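Structure first, then comments.
The values are calculated or read from the model by the stated rules, or taken from the named source; none is laboratory data. Worth saying up front: this structure is predicted, and the values here are computed from it rather than measured. Cβ placement follows ideal geometry from the backbone for every residue including glycine, while neighbour counts extend to all protein chains displayed. To get the accessible areas, we keep the full protein, side chains included, count just its heavy atoms, and leave off ligands, DNA and RNA. Shrake-Rupley method; radii C 1.70, N 1.55, O 1.52, S 1.80 Å.
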Amino acid sequence: MMRKKRRSSVDKGDSAAPKAKKSRTTGRQAREVAPDETNESLFVAFLREAGVTLREGGTSNEIAVDQVVFQKRIQRQLQKSPRYPGIVQEFINGLETHIEDPERFRNCLLPCVPRLPDEDSSSFQESLLRMLLGIEMLQTFVINVLFEKLPEFMLNCTGDGGLNIPRVIINQLKWQDRVMDSKELAAKLMQLVSVAPVEVQRDIITSLPEILEDSQHNDVARELNSLLQENTQLTVPILDALSSLNLSSSLLTEVRGAVMAMLAAVHLEDLPVVVKFILHSVSASDANEVVCDLHKKLELEMCVLPPVLHASHSRMKSKGAAVSQDSVTLILDGIKSAVRFQKTISEAWLKAIENVEEAENHKVMDLLVLFILHSTNSNHSRRGAERVLKAKVRTGQIQEALLQKTFRDYSQVMRGYFPSILALAQSLLRSTDSCAVPFGGHMYRNSFTAFDSYCQQEVVGSLVTHVCSGVGGEVDVALELLCGLVTDKPSEMALYAVFVKGILDYMDNLTPQQIRKLFHLLSRLAFGQQQQGTHIQDDLHIVIRKQLSSTVPKYKRIGIIGAVMVVGSMGAHSSQSGTLSQETHRQVVALLELVQSCSKSSPEAAALYYDELANLILSSTLDPKVQEWIGRNVLDDFQNDFVVDLGPDITGSFLFPARVMYNLDEDEGQGGIAVNLLPLLARDSQQRVSPLCLSPFFRLLRLCEEKQHQGDLEEIDALLGCPLVITDMDIIEKVDSLSKAEREFLCSLLFHTINWLREVVNAFCRQKETEMKIKVMTRLQNITYLQTLLERALAGTPGYIPPLANFDGESTEGVVHSSAAPVHKTKKDGTGKKRKAPQKSLSDSVLEEGTEKAVFLVSYQPFFRELDMEVLSVLQCGLLSRSLLDSELHTKVREEVLLGPAELVFLLEDMLRKLEFSLTAAPAKRAPFLKGRADKSVGFSHLQQSSSKDIASCCVQLLPALCSHLENCHNHFQTLLSENGGMVDGPATDIQEYQLLSLAYQLLLQVVNTTFSWSGFSQPGQRSLLKKALAVLAGRLKQGGAELALEHLVKHSFEYLLNFRSTMPNLSTALCLSRLLSTVSEKGGNPAAYREQTASLARRFLSQEWVTASGEKERGNKFNEGLKTLLSIYLEHADDVLKAVEEIAGEGIPELLNAAKDDSSTTWPTLSRHTFLVFYKGMMSELEKAVRKIPAGRNSDSTEAQSEKLLTWKLAVRDFHILISLVKVFDTRLVLNVCLKYGRLFLESFLKLGMPLLDYSFKRHKEDVQSLLKTFQLSTRQLHHMCGHSKIHQDTSLTNHVPALKKSLEQFVYRVKVMLTLNNCQEAFWMGNLKNRDLKGQEILSQEGEEKEDEEEEEGEDASEPPEEQTDDEVRAVLRIPN
């Protein structure tokens, strides 16, 4: 039945064929003439027979069978037709006729609908045309038909019903099981692309990977690449297509290169696709090159600026910015996906960023990529990103300006990387590198400013965590950041006041300075002008009252500090709100009265209250009413408690007779006043007023007067010249005869007197009148004199604990014990070693010579009142020396207010301590496991109020004065040398003045060096300050220095400082000058230019005989330490280290051996038997460093290169042999220790770097290699003897080195054998046993036959003549090397 039916349908098709052919030319007319559906064409009949029914209008074509069955039926019908293959053309003609009607064509493009659901048909069926394309014999014809129809719809892509006809036509060609003529199809598609509108072009191009077979991919890619250069509108579809095509590596590289070249011309919205294509087409081999190129050409700044610039032409400015931010987000997403799935990409990005060497070449992209790498952590990129960022920040290549720009322009984009930004900020803030910490702070600050409230909360929470960590530097920076945020963003920070308040639970870990900052921060939040943080006011009051009422001194101190900070915020003067309200004023006064009453019971607490109130008045502006209340109470109380009128006599019985001393106002007679110190100290325990409060109270009084009278101290200027009621200091002469109580009372009296005078100098140092300046200078003289008396009193009072002078210390007990420890030590001959250098100040160590007892006041610094930075302005006075003092000039000198040497030393020592505390970066800020008891910040409370930048600026302002003092010292010693015929120990030398001015000279150089060593000068913002400082030095030599470039300033400064080299009084000063020159040379960016001058200067100092003022040669541990550093400076900067070592070892040491016992080398006067170990260790160390820098030998080296390296090694081995041989003369255990340690290191370097060179050089330079090994063997045998000596003497410090050294000696033997084998000379090597001997070459009989060491002997053409070191008992290896 079915077969009959099929035949009938074919017959019908045959009869209908002529009609179908006719309809190709006059199809429309035929359809109009014969609309009747009974005249079915062959095409329609075949379809119906195969299972597809064509429908008219909007109804989809129906299919009754599965599409595979349909395709088989059509193919079978066509193949079995008698008219095959002509019938195929007829069938195609019928198709053309049928689809001439747009509605029918549309039906044929859309999927067919199953007629009735049954088991033979699936739920989804393809369109009729797609099913016909799947029939191989029809495919080419149907494709031609579709390409002929496509132009009809190009201009009007969207037909009825919103269907995009061209796109649907293209879709018919996708994913065909087989393409019959792929090449032809590709040609037609590309031809169509050349004429089609842009929309159709995009559809065709994006469909190419799904249409074409792999064989056509390369050809099509080339055409697409050409098209890409011509039409940037097609960038996205072309790159999408290219990324899906299977291309050869060479073609892919070519295409990627073309895309990279046009990167700058790509539209903003297309850029993400371009970047994604470039990164996803990278192979492991070319990742570095491609990413580096992309890094150079990709400018994200271009993504942001155009929308902003053109915003005025658009309707919505924000819309353009949003588009740019979206594009940047997509670009970064592309980079992120590439980084996540390709390890080489993340490594390449890190390398590309690392390779940028100039700060101006870094881009926003660099920071964003580092954030991406940190956030993805693919292939452990997080650690790499953190490492690179720290390194770039440390070197100043990534700077704050770039970070601000990134946050400003890309805040929306960066929000997605906030967790990484926060983690990096935490890491930087915890860094031990002082340069990295500020950058972490900037990241926190910008994150708070740019991001939403969630991020702000996280930032505050993280900063609070830093504060609670207890790590010093971390806490300081975090508190500074929180204070800055409260100042800049008070309303936002008020929302998070509860978080900040949580720090109050962790105050035990905070220093007083940090507690000040914390309460300043909280009080600003709680009592600020906006009053947003009022909800924590009550909590703050409760905490303060609780701490004030505590009997534990530590918590009472916290309460006092907190209360004063709250007073500062509540009573602050505001220009906007006017004067304080009555209620607020009442609260402030009540709080002050509460603190006063709570601190009355403890003098230490009262003194702290006065100090804190003084700091508040100095640092902030209080309301006039509050200021007036404080000033009125202070002045009255001070007069009542501490000042008495001068009368004819002083009543009362005391330990010592009371005397009025140090009166500078003698002309006032009996009408003056005096500071009542001795009676107060004597009655300290019986009355409410303690002498502890004298200095703090006066400081508060002085600052109140300054505030109220704009710096004028006329109301209290009598206190500068008024005397003190103390005792006659002649009693110091008989201190040993006093009782313990009397000695301790005398020491306390001296401490209080000195501290009073220090505060007086603090108060009046800035006064301009000459009379006041003279009085200040006199007070400085009083201080220096009293300090010498105090040293003598302390030396006779062992175990004495001084009264406190700084009251905010964390643990006063710890300070007392650590400071009091050296009090009872006495200076005796030969016991100087017991005292460690850090416990001495320079003046102590210099002036202790010739004294029977020595107490080092530097240990007592915490018990002296702190001098303000303003006191250092006294340094601007000239220098007074004995050469200026004669009968004619004495009056003039007094009028000019000149500094004496002792006062100059006093001020410079204080300045140096301040600079070392604030400008010298600590090596690490990590808290030790067991915290030290002594707090190093005690005595620097006022200094901590200033930033390191302020301190550095102050030093730069003082530089002219420091230079003047340097020149004065230089002139003094120059005059001294000329008067004494070039000798410092002549009859005209005043020993005390010589010592003081030597010390001043050294201190001046140290102060200038510490200033220039400040790490802040490396920051871009401080470049102008550095130039200003260098201009001061350069200007002393050449006028107009300020306009010069940095390199020229460094050059002139170096030349200026070099002029001081001729008048160095001792080695320590010479070392300070060398260090200063080295520091200055590094500021110009080219320190290598000054190497020769630095080496020449160091050599000059090493070749100079250093003599003290008493005519003795300098010696001792301190001299040896300086000599060691100076020698290392010389050898490090010498052009040829090997020649320099040979010169000292080959000339200086033989001279020393020939000299008398206490004499030294004539060429190197600093080289004596006392300093031999210093020279020996320095030369061994530098020789070992030098050979490590010799490049390893390579087979590819030219003959000249090999010869040069071989010559270098010959020099090194010769130097080594000379130094090793010296052990026979200088055989102390310390010399042996140095020899064993550095001998092994030298041998290891020779094995690693020298032996490969011998491998390749042996045949070309046989004699040189032979000579080198012969020399080196002598050294290895001596090392072998040292090992035997160490074992015999059983010295642990020596035997520790023996196992590793013997291992290296054994490796050397076999390594030489390998070298000979490589060069086919193995028969020349013969190995025997070497007997153990001591340093003198004597056999060690106790070990004979037990412990043997294999060692090769020298290479030689004639082995019959052993070298001098050999004995006949040794079994020698003979290397018979053929010619």
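Looking only at the stretch 446-458, decide whether some residue is within 24 Å of GLN944 (Cβ to Cβ) and of a type outside the set (Gly, Ala, Ser).
no
Looking only at the stretch 1210-1226, decide whether some residue is aliphatic (A, V, I, L, M), crowded, with 21+ Cβ neighbours inside 10 Å, without any contact (Cβ under 8 Å) to a residue 60 or more places away in the chain and closer than 28 Å to LEU1152 by Cβ.
There is at least one residue in the stretch 1210-1226 that is aliphatic (A, V, I, L, M), crowded, with 21+ Cβ neighbours inside 10 Å, without any contact (Cβ under 8 Å) to a residue 60 or more places away in the chain and closer than 28 Å to LEU1152 by Cβ.
Kindly indicate the residue of the stretch 1288-1323 that is farther than 22 Å from SER1245 by Cβ and of a type in the set (D, E, K, R) and also modelled with the lowest pLDDT among those meeting that condition.
Checked the stretch 1288-1323; the qualifying residue modelled with the lowest pLDDT is GLU1323.
Out of PRO272, PRO307, which single residue is in a helix (DSSP H, G or I), at pLDDT 80 or above, open to solvent by less than 40 Å² (accessible area, probe 1.4 Å) and not aliphatic (A, V, I, L, M)?
None of the others qualify; the one that does is PRO272.
For the stretch 574-585, indicate whether the set of residues that are at pLDDT 85 or above and closer than 25 Å to PHE697 by Cα is non-empty.
So far as the stretch 574-585 goes, yes, one or more of its residues are at pLDDT 85 or above and closer than 25 Å to PHE697 by Cα.
Among the numbered criteria (1) modelled with pLDDT under 80; (2) over 21 Å from ILE353 (Cβ atoms), which single criterion is violated by ALA284?
The one condition ALA284 does not meet is (2).
Could you tell me whether any residue of the stretch 561-569 is crowded, with 20+ Cβ neighbours inside 10 Å and over 26 Å from GLY631 (Cα atoms)?
No: zero hits.
Quick one: which residue in LEU1153, LEU1102 is open to solvent by 60 Å² or more (accessible area, probe 1.4 Å) and either in contact (Cβ under 8 Å) with a residue 40 or more places away in the chain or of a type in the set (Gly, Ala, Ser) (or both)?
Residue meeting the stated conditions: LEU1153.
Out of the residues in the stretch 1011-1034 that are under 15 Å from GLN957 (Cα atoms) and polar (S, T, N, Q), state the one that is least open to solvent (accessible area, probe 1.4 Å).
Top of the filtered list is THR1011.
Inside the stretch 646-677, can you point out the residues that are more than 28 Å from MET772 (Cα to Cα), open to solvent by 40 Å² or more (accessible area, probe 1.4 Å) and at pLDDT 70 or above?
PHE654, LEU655, PRO657, listed by residue number.
Would you say VAL1187 is surrounded by 17 or more Cβ atoms within 10 Å (Cβ to Cβ), in a helix (DSSP H, G or I) and touching a Ser or Thr at 6+ places or on another chain (Cβ under 7 Å)?
Against the criterion (surrounded by 17 or more Cβ atoms within 10 Å (Cβ to Cβ), in a helix (DSSP H, G or I) and touching a Ser or Thr at 6+ places or on another chain (Cβ under 7 Å)), VAL1187 qualifies.
Read through the list (1) in contact (Cβ under 8 Å) with a residue 24 or more places away in the chain; (2) under 30 Å from TYR994 (Cβ atoms), then give the number of the only condition that LEU1026 fails.
(2)
Which count do you get for residues in the stretch 93-140 that are at pLDDT below 85, open to solvent by 60 Å² or more (accessible area, probe 1.4 Å) and among the hydrophobic types (A, V, I, L, M, F, W, C)?
Count: 2.
Among the residues of the stretch 618-641, how many are within 12 Å of LEU700 (Cα to Cα) and without any contact (Cβ under 8 Å) to a residue 40 or more places away in the chain?
Of the residues in the stretch 618-641, 2 are within 12 Å of LEU700 (Cα to Cα) and without any contact (Cβ under 8 Å) to a residue 40 or more places away in the chain.
Conditions: (1) open to solvent by less than 20 Å² (accessible area, probe 1.4 Å); (2) in contact with a Gly (Cβ under 8 Å, 6 or more places away or on another chain). LEU1232 meets all but one. Number of the miss?
Failed condition: (2).
Looking only at residues that are outside any loop (DSSP other than H, G, I, E, B) and open to solvent by 20 Å² or more (accessible area, probe 1.4 Å) in the stretch 430-455, which one is nearest to PRO1020 (Cα to Cα)?
PRO438
Yes or no: TRP1164 in contact (Cβ under 8 Å) with a residue 40 or more places away in the chain and in a loop (DSSP other than H, G, I, E, B)?
yes
Within the stretch 1035-1062, how many residues are touching a residue at least 60 places away in the same chain (Cβ under 8 Å), surrounded by fewer than 20 Cβ atoms within 10 Å (Cβ to Cβ) and closer than 28 Å to ASN1117 by Cα?
The total comes to 1.
Does LYS949 satisfy the condition of being open to solvent by 40 Å² or more (accessible area, probe 1.4 Å) and either outside any helix (DSSP H, G or I) or free of Cβ contacts under 8 Å to residues at least 24 places away in the same chain (or both)?
Judged against the criteria, LYS949 is not a match.
Kindly indicate which of VAL255, VAL198, VAL236 is free of Cβ contacts under 8 Å to residues at least 40 places away in the same chain and open to solvent by less than 10 Å² (accessible area, probe 1.4 Å).
VAL255
Among the residues in the stretch 736-747, are any open to solvent by less than 20 Å² (accessible area, probe 1.4 Å) and under 20 Å from GLN861 (Cα atoms)?
yes
Please verify whether ALA352 is part of a helix (DSSP H, G or I), farther than 22 Å from PRO419 by Cβ and modelled with pLDDT of 85 or more, treating the condition exactly as stated.
Yes.
Would you confirm whether or not the stretch 527-534 contains a residue that is open to solvent by 10 Å² or more (accessible area, probe 1.4 Å), in a helix (DSSP H, G or I) and not β-branched (Val, Ile, Thr)?
Yes, some residue in the stretch 527-534 is open to solvent by 10 Å² or more (accessible area, probe 1.4 Å), in a helix (DSSP H, G or I) and not β-branched (Val, Ile, Thr).
Against the conditions (1) without any contact (Cβ under 8 Å) to a residue 24 or more places away in the chain; (2) among the aliphatic types (A, V, I, L, M); (3) not in a helix (DSSP H, G or I), where does LEU976 fall short? Just the number, please.
(3)
Report, ordered by the first and then the second residue, all pairs with beta carbons closer than 7 Å, sequence separation of six or more or different chains, a first member in the stretch 336-348 that is assigned to a helix (DSSP H, G or I), and a second member that is open to solvent by 40 Å² or more (accessible area, probe 1.4 Å).
ALA338/HIS280; LYS343/ASN379; THR344/ALA284; SER346/ASN379; ALA348/ASN288
Tally the residues that are closer than 12 Å to CYS455 by Cβ, in contact (Cβ under 8 Å) with a residue 40 or more places away in the chain and in a helix (DSSP H, G or I), restricting the search to the stretch 406-429.
Result for the stretch 406-429: 8.
Report the residue count in the stretch 1121-1162 for those that are among the hydroxyl-bearing types (Ser, Thr, Tyr) and over 20 Å from LYS1185 (Cα atoms).
3
Within the stretch 177-189, can you find the residues that are open to solvent by 20 Å² or more (accessible area, probe 1.4 Å) and either in a helix (DSSP H, G or I) or of a type in the set (A, V, I, L, M) (or both)?
Residues satisfying the conditions are MET180, LYS183, GLU184, ALA187, LYS188.
Inside the stretch 457-487, can you point out the residues that are open to solvent by less than 20 Å² (accessible area, probe 1.4 Å) and polar (S, T, N, Q)?
Across the stretch 457-487, the qualifying residue is only SER462.
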